[in-house]
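Report on the structure given below.
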Amino acid sequence: MGGKLIVFEGVEGGGKTTQIERSRLWLLSRFHSGNIPRIIVTREPGGTQLGKGLRRLLLESGGENICDRAELLLYAADRAQHVENLIKPELAKGSIILCDRFTDSTIAYQGYGRGLNLNLINQLNEIATGGLQSDLTLWLDIDVEVGLSRVKSRGIRDRIEQADLEFHRRVKQGFTELAAANRQRIFRVDANRNESEVTQEIQDILTQNLFVNC
Ligand code: Z5A
């Protein structure tokens, strides 16, 4: 089996981090008897050394206000480095990559959320990825209020989590439209349910669409 890029997307608090770890463990157990591919967990922003620095700049509150276009370009720089230095080499080795956010986040947050031009964002995504797309994207779809209340209970909120409710609703609308336009690649998972129910649906989707013969 060749390498696979599996992306987890959605608004804050949808359970991406939780479900990536559950998927990692499930994949390890699923492949236990055969040839075990490497399973890589990564995220955007912050999947490389350069990306870790960019993540701090992007998410820390305070200091100079980052304008929308600068924000867009920083996410694109993070992605270009991530694709070149981690994602492409790992795919070439046959690894399964579980990635927390990818190109659709930029369309949803900077496009629908901030209102930047979608054609420009698509072009930047193309430049950053060299045309690489996920093999499958799991959109953990949660009510914005429920997601934000889950992350609020963590305490300190980052710069984007602090944005107003309308912003997060526009982001959700972005994911909704992306999923409708990319039915072969983006699979919606109702993330309002408990962790185990969400995990079960993710495993069903992966089994039916990606690991059919594994
Ligand atoms: N961003 C962007 O604007 N443009 C881009 O191109 C990219 C990103 C790539 C990254 O932040 C930020 O960057 C993000 C978008 C922006 N905006 N913000 N903020 P991040 O990586 O730090 O945060 P995140 O991606 O939004 O993830 P998160 O807030 O950590 O949430 P999560 O990973 O989806 O959820 P979780 O950590 O697994 O769960 C959150 C809490 O809920 C936790 O306490 C869990 O125990 C709990 N949980 C999880 N599942 C459940 C269920 N099913 N029931 C009840 N409770 C649950």
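The values are calculated or read from the model by the stated rules, or taken from the named source; none is laboratory data. Note that the structure is a prediction, hence the values are computed from the model and not measured. A quick note on method: Cβ atoms are made from the backbone with ideal geometry, for glycine too, and the neighbour counts reach across all protein chains shown. Please note that ligands, DNA and RNA were not included when accessible areas were found on the heavy atoms of the full protein model with its side chains. Shrake-Rupley method; radii C 1.70, N 1.55, O 1.52, S 1.80 Å.
Given the residues 98, 132, 91, 138, which is the only one that is over 25 Å from residue 12 (Cα atoms), touching a residue at least 60 places away in the same chain (Cβ under 8 Å) and aliphatic (A, V, I, L, M)?
On the way: 98 fails: over 25 Å from residue 12 (Cα atoms); 132 fails: over 25 Å from residue 12 (Cα atoms); 138 fails: over 25 Å from residue 12 (Cα atoms).
Sole residue among the options that is over 25 Å from residue 12 (Cα atoms), touching a residue at least 60 places away in the same chain (Cβ under 8 Å) and aliphatic (A, V, I, L, M): 91.
Can you confirm whether residue 50 is more than 10 Å from the ligand (Cβ to nearest atom), open to solvent by 20 Å² or more (accessible area, probe 1.4 Å) and not in a loop (DSSP other than H, G, I, E, B)? Yes, satisfied.
Checked against the criterion of being in contact with an Asp or Glu (Cβ under 7 Å, 6 or more places away or on another chain), modelled with pLDDT of 95 or more and either open to solvent by less than 40 Å² (accessible area, probe 1.4 Å) or more than 20 Å from residue 113 (Cα to Cα) (or both), the candidates 148, 178 yield just one match: 178. The condition of being under 24 Å from residue 21 (Cβ atoms), out of contact with any Pro (no Cβ under 7 Å at 6 or more places or on another chain) and open to solvent by 90 Å² or more (accessible area, probe 1.4 Å) does not hold for residue 65. Selection of segment 190-214 for residues being free of Cβ contacts under 8 Å to residues at least 60 places away in the same chain, open to solvent by less than 70 Å² (accessible area, probe 1.4 Å) and under 16 Å from residue 135 (Cβ atoms) yields only 207. For segment 70-91, the condition of being over 27 Å from residue 122 (Cα atoms) and open to solvent by 20 Å² or more (accessible area, probe 1.4 Å) holds for none of the residues. Write out, first by first residue and then by second, each pair whose Cβ atoms fall under 8 Å of each other, whose residues are 6+ apart or on separate chains, and whose first residue, in segment 34-49, is small (Gly, Ala, Ser) while the second is at pLDDT below 95 and away from the ligand (no atom under 16 Å from the Cβ). Pairs that qualify, where the first residue is small (Gly, Ala, Ser) and the partner is at pLDDT below 95 and away from the ligand (no atom under 16 Å from the Cβ), are 34/214.
Taking (1) more than 17 Å from residue 141 (Cα to Cα); (2) within 11 Å of the ligand (Cβ to nearest atom); (3) small (Gly, Ala, Ser) in turn, residue 29 satisfies each apart from (2). Answer with yes or no whether residue 95 is closer than 24 Å to residue 3 by Cβ, modelled with pLDDT of 95 or more and crowded, with 22+ Cβ neighbours inside 10 Å. So residue 95 fails the test.
Checking the structure you have, find out if any residue of segment 88-104 is assigned to a helix (DSSP H, G or I) and near the ligand (Cβ under 10 Å from one of its atoms). Yes: segment 88-104 contains one or more residues that are assigned to a helix (DSSP H, G or I) and near the ligand (Cβ under 10 Å from one of its atoms).
Per the conditions (1) within 16 Å of the ligand (Cβ to nearest atom); (2) out of contact with any helix residue (DSSP H, G or I) (no Cβ under 6 Å at 6 or more places or on another chain); (3) basic (Lys, Arg), the sole criterion not satisfied by residue 172 is (2).
Here segment 1-26 is the region considered, the condition is being at pLDDT 95 or above and open to solvent by 70 Å² or more (accessible area, probe 1.4 Å), and the residue that is farthest from the ligand (Cβ to nearest atom) is 25.
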